[in-house]
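Here's the structure, in structure tokens; my notes come after.
The values are calculated or read from the model by the stated rules, or taken from the named source; none is laboratory data. Treat the numbers as computed from the prediction; the structure is a model and nothing was measured. Note that each Cβ is placed from the backbone with ideal geometry, even for glycine, and that neighbours are counted across all protein chains shown.
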Amino acid sequence: MPSPDLALPSDLQSQPLTLDAISHSYGESLAVDQVTLEVRAGELIALLGPSGCGKSTLLRIVAGFINQTSGRVVIADRVVDTLPPNRREVGIVFQSYALFPHMTVAENIAYGLEARGESKATCRERVKEMLATVRMEGFADRKPRQLSGGQQQRVALARALAVRPRILLLDEPFAALDKNLRLDMQIEIKRLQRQFGLTAILVTHDQDEAMSIADRIAVMSKGRIEQLGSPVEIYDQPETLFVNDFIGSSNRFAGVVESAGEGTYGVRLASGALWQVASRKPFAPGDRVVATIRPEQLVLTDQATAGTIPVTLKLSLPIGGELIHDVETGAGEAFKVAASRRPGEPVSPMAATHCALAPHARPVLFPQPAA
Amino acid sequence: MSGAATGETAGVEWRLAAPLGLTYLAFFAAPLLILLVMSFSVDDNLGGFSLAAWAKFWGDPFYRGVVWDTLRLGLVTVAMTTLFAYPIALLFIASGPGLQRLLLFIVLLPLLTSVVIRTFAWIAILSREGVLNQALLALGLTTAPLNLLQTELGLVIALMQIEMPLMLLPLITVMRQVDPSLSDASRALGGSKWRTFRKVILPLSLPGWIAGATLVFASATTAFISQTVIGGARLVYLPTLIWQQAMVVYNWPFAAVASVTLLVAVLAGVSLFAMLGRFARTTA
């Protein structure tokens, strides 16, 4: 969603990218399994997953470094499968930045333009323009090794964008940056992606990165997309236990469905508490289920009701603006409760005896996984 | 505290280096000095002072030709080894671990066989009735067998195989350290494969090439056995000349002149490559 206040340069047009039933195997092992994904023009999609989930393979397929075993890559209605990487007009920012160490910043940025046979004057002008875009004026004659990590990344971005690519691929671009710089660069990349109207794919294993800059997130596992949705959807309504566990922290409670209403189920937890849980998935009374709930959607209380779980408070940790309580049920199930911490509040506020769902809480139900 | 520590370290280092240092002094520096004195002597008893041997060597176009031939042999071998080493190195970098091990074994094979055996094997391959000529004749690429033995071409072919590990090992070592995503970056930016090689891989592999070229040059110019056995009597290079003068003609001062010349020639070649290296580093 390019913001309306940033007008696109006239020669730039966002283009959609479609992955159509892409599969890829390395010998016997299937790295990417029938992935279909439509990236809208100007959209930034994050491929999020643990290492080995196929996200990097997918990125290399789009770039043309790997020829997929089956399926098609379509950029703006054009199948690009037979095009070599140098003719796909795809810009990439690598985890290691991959700046040419023997060239200056200006030579790095000009590399793609020279490869396209642009005139010297055009190159000079575009390099100047790109240096200004990434706010690196005055660094033109430096060598990459004389730059900090963040500066190297700006140059890598400038180099990728100088050739006006149709698609921008970001391969774990923040992994090598320290935490404070990371947020700055995320904002920077988001700004440039919008300014240039780029359709972009971000590959990452870091959910915070994906949450902060992606329009939509595709959570991947074992070569498949487990769920595709906006960051909020992924967080609030995970479709599988894998997504639920991979994104954010969450507590799991085993239970049995007691009653089924219209999209709402009464679930009896092992601790005896009865929760009313809304779910779009169908369940029948007697089904064994797993109910998950985010720590910040639980509260500690002294009052026992039908929905509360009797607990003992083991530990409270102040983590920044949050207070994380580590609690345990009588049966020995441990879980976490998070509350925002008031300044000056004592760390262990009370001898809480019960844990209840917060008023806005939205537990999620999953079928009990086999074994 | 740190001062005491460094002082102690320096003392230890010196004493540890002493055995090798003394060995070098006795068996390397001293003979070299004797060689130098010998070249200015009248006879092999190191008696008298004379420039006769030097004047004879550099005054004769034949001997000057031998020096030039030796240097050219080194340079041509370096050029040819380079030409064949780069494709192999690129293949090596692009291969998986299994193929890499196999390639490394093939590359190292010449080092695992004796020089004499390797050289005689090349005679069997290069001779008029040899494998190469028979293959060329059978394929109809030539009507008469090529004369490869006792030619510079034949010698360079043999030397190339023998010296290949010296070029490949440093080249592969350096190219392995080059981040593979640099090639990917070049390709994604629109660079063709050739441009990627010329602009990215080649400049970044230069330190390895310089190390390899230095070794190959020094080794090819002094490869006495290959030069004599394959070059035969028709091709004379400095090592052969030294051997003839020292062991056949028994003109030790003259052999000493040739030896010092070979030493200086090799050193000149080696420093040329080192200079190239410094130049590449400052411009890179």
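Restricting the stretch A:341-356 to residues that are under 26 Å from A:Gln276 (Cα atoms) and modelled with pLDDT under 85, which is surrounded by the fewest Cβ atoms within 10 Å (Cβ to Cβ)? Steps first, answer last, please.
Kept after step one, since they are under 26 Å from A:Gln276 (Cα atoms), are these residues of the stretch A:341-356: A:352-356.
Still in the list and also modelled with pLDDT under 85: A:352-353.
Details: A:Ala352: 19, A:Thr353: 15.
The qualifying residue surrounded by the fewest Cβ atoms within 10 Å (Cβ to Cβ) is A:Thr353.
Taking the condition of being within 14 Å of the chain's Cα centre (by Cα) and part of a helix (DSSP H, G or I), how many residues in the stretch B:209-233 meet it?
Counting residues in the stretch B:209-233 that are within 14 Å of the chain's Cα centre (by Cα) and part of a helix (DSSP H, G or I) gives 17.
Any idea which residue in the stretch A:323-339 is surrounded by the fewest Cβ atoms within 10 Å (Cβ to Cβ), counting only those that are in a strand (DSSP E or B) and free of Cβ contacts under 8 Å to residues at least 24 places away in the same chain? Please lay out each step first, then the result.
Restricting attention to the stretch A:323-339, the residues satisfying the condition of being in a strand (DSSP E or B) are A:323-329, A:334-339.
If we keep only those that are free of Cβ contacts under 8 Å to residues at least 24 places away in the same chain too, we end up with A:326, A:328, A:334.
Numbers: A:Asp326: 14, A:Glu328: 14, A:Ala334: 11.
Here the answer is A:Ala334.
Can you tell me which condition A:Leu269 does not meet? The list is (1) in the same structural domain as A:Ser56 (by TED's automatic domain parsing); (2) in contact with a Phe, Trp or Tyr (Cβ under 6 Å, 6 or more places away or on another chain), and all the others hold.
(1)
Keeping to the stretch B:240-262, report how many residues are touching a residue at least 60 places away in the same chain (Cβ under 8 Å) and either in a loop (DSSP other than H, G, I, E, B) or within 19 Å of B:Ala218 (Cβ to Cβ) (or both).
Selection size over the stretch B:240-262: 8.
Looking at (1) away from chain A (no Cβ under 14 Å); (2) among the polar types (S, T, N, Q); (3) outside any loop (DSSP other than H, G, I, E, B), which one does B:Ser186 not meet, given that it meets all the others?
Failing condition for B:Ser186: (1).
Taking the stretch B:147-183, which residues are in a loop (DSSP other than H, G, I, E, B) and either within 19 Å of B:Ile225 (Cβ to Cβ) or within 14 Å of chain A (Cβ to nearest Cβ) (or both)?
Of everything in the stretch B:147-183, those that are in a loop (DSSP other than H, G, I, E, B) and either within 19 Å of B:Ile225 (Cβ to Cβ) or within 14 Å of chain A (Cβ to nearest Cβ) (or both) turn out to be B:Leu148, B:Leu149, B:Gln150, B:Thr151, B:Val178, B:Asp179.
Among what's in the stretch A:67-87 and is at the interface with chain B (Cβ under 9 Å from one of its Cβ atoms) and surrounded by 21 or more Cβ atoms within 10 Å (Cβ to Cβ), pick the residue that is nearest to the chain's Cα centre (by Cα). Outline the logic, then answer.
Within the stretch A:67-87, the first condition is being at the interface with chain B (Cβ under 9 Å from one of its Cβ atoms), and the residues that meet it are A:84-87.
Add one more test, that the residue is surrounded by 21 or more Cβ atoms within 10 Å (Cβ to Cβ), and what stays is A:85-86.
Details: A:Pro85: 25, A:Asn86: 28 Å.
Looking at residues that are at the interface with chain B (Cβ under 9 Å from one of its Cβ atoms) and surrounded by 21 or more Cβ atoms within 10 Å (Cβ to Cβ), I get A:Pro85.
Considering every residue within the stretch A:50-65, establish whether at least one is assigned to a strand (DSSP E or B) and either of a type in the set (A, V, I, L, M) or surrounded by 21 or more Cβ atoms within 10 Å (Cβ to Cβ) (or both). Full working, then the answer.
The initial filter retains those residues of the stretch A:50-65 that are assigned to a strand (DSSP E or B), namely none.
No, the conditions are met nowhere in the stretch A:50-65.
List the residue pairs whose Cβ atoms are under 8 Å apart, where the first residue sits in the stretch A:109-133 and is more than 14 Å from every other protein chain (Cβ to nearest Cβ) and surrounded by 14 or more Cβ atoms within 10 Å (Cβ to Cβ), the second is assigned to a helix (DSSP H, G or I) and not hydrophobic (A, V, I, L, M, F, W, C), and the two are 6 or more positions apart or on different chains.
A:Thr133/A:Gln195
Inside the stretch A:208-311, counting only strands (runs of 3 or more DSSP E) that do not spill past its ends, which hold 1 or more residues that are farther than 30 Å from A:Gln193 by Cβ and free of Cβ contacts under 8 Å to residues at least 24 places away in the same chain? Talk me through it step by step, then tell me what you get.
On the way: elements: A:216-221, A:224-229, A:251-260, A:264-269, A:274-278, A:288-293, A:298-301.
It comes to A:264-269.
Here's the yes/no breakdown for (1) free of Cβ contacts under 8 Å to residues at least 12 places away in the same chain; (2) crowded, with 23+ Cβ neighbours inside 10 Å; (3) not assigned by TED's automatic domain parsing to the domain that holds B:Thr81:
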residue: B:Gln177; (1), (2), (3): yes, no, no
residue: B:Ala188; (1), (2), (3): yes, yes, no
residue: B:Gly191; (1), (2), (3): yes, yes, no
residue: B:Trp194; (1), (2), (3): yes, no, no
residue: B:Phe197; (1), (2), (3): no, no, no
residue: B:Pro207; (1), (2), (3): no, no, no
residue: B:Gly212; (1), (2), (3): no, yes, no
residue: B:Ala218; (1), (2), (3): no, no, no
residue: B:Ile225; (1), (2), (3): no, no, no
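So B:Gly232 passes all but one of these: (1) surrounded by 18 or more Cβ atoms within 10 Å (Cβ to Cβ); (2) at positive phi. Which condition number does it fail?
Against the list (1) surrounded by 18 or more Cβ atoms within 10 Å (Cβ to Cβ); (2) at positive phi, B:Gly232 comes up short only on (1).
Checking the structure you have, find out if any residue of the stretch A:254-267 is among the hydrophobic types (A, V, I, L, M, F, W, C) and exposed (fewer than 14 other Cβ atoms within 10 Å of the Cβ).
Filtering the stretch A:254-267 for residues among the hydrophobic types (A, V, I, L, M, F, W, C) gives A:254, A:256-257, A:260, A:267.
Remaining after also requiring exposed (fewer than 14 other Cβ atoms within 10 Å of the Cβ): none.
The answer is no; no qualifying residue exists.
Tally time: how many residues in the stretch B:47-66 are out of contact with any Ser or Thr (no Cβ under 9 Å at 6 or more places or on another chain) and surrounded by fewer than 14 Cβ atoms within 10 Å (Cβ to Cβ)? Talk me through it step by step, then tell me what you get.
Step one: filter the stretch B:47-66 for residues out of contact with any Ser or Thr (no Cβ under 9 Å at 6 or more places or on another chain), giving B:51-52, B:55-56, B:59-62, B:64-65.
Filter once more, so that each one left must be surrounded by fewer than 14 Cβ atoms within 10 Å (Cβ to Cβ): B:51, B:55, B:59-62, B:64-65.
Number satisfying all stated conditions: 8.
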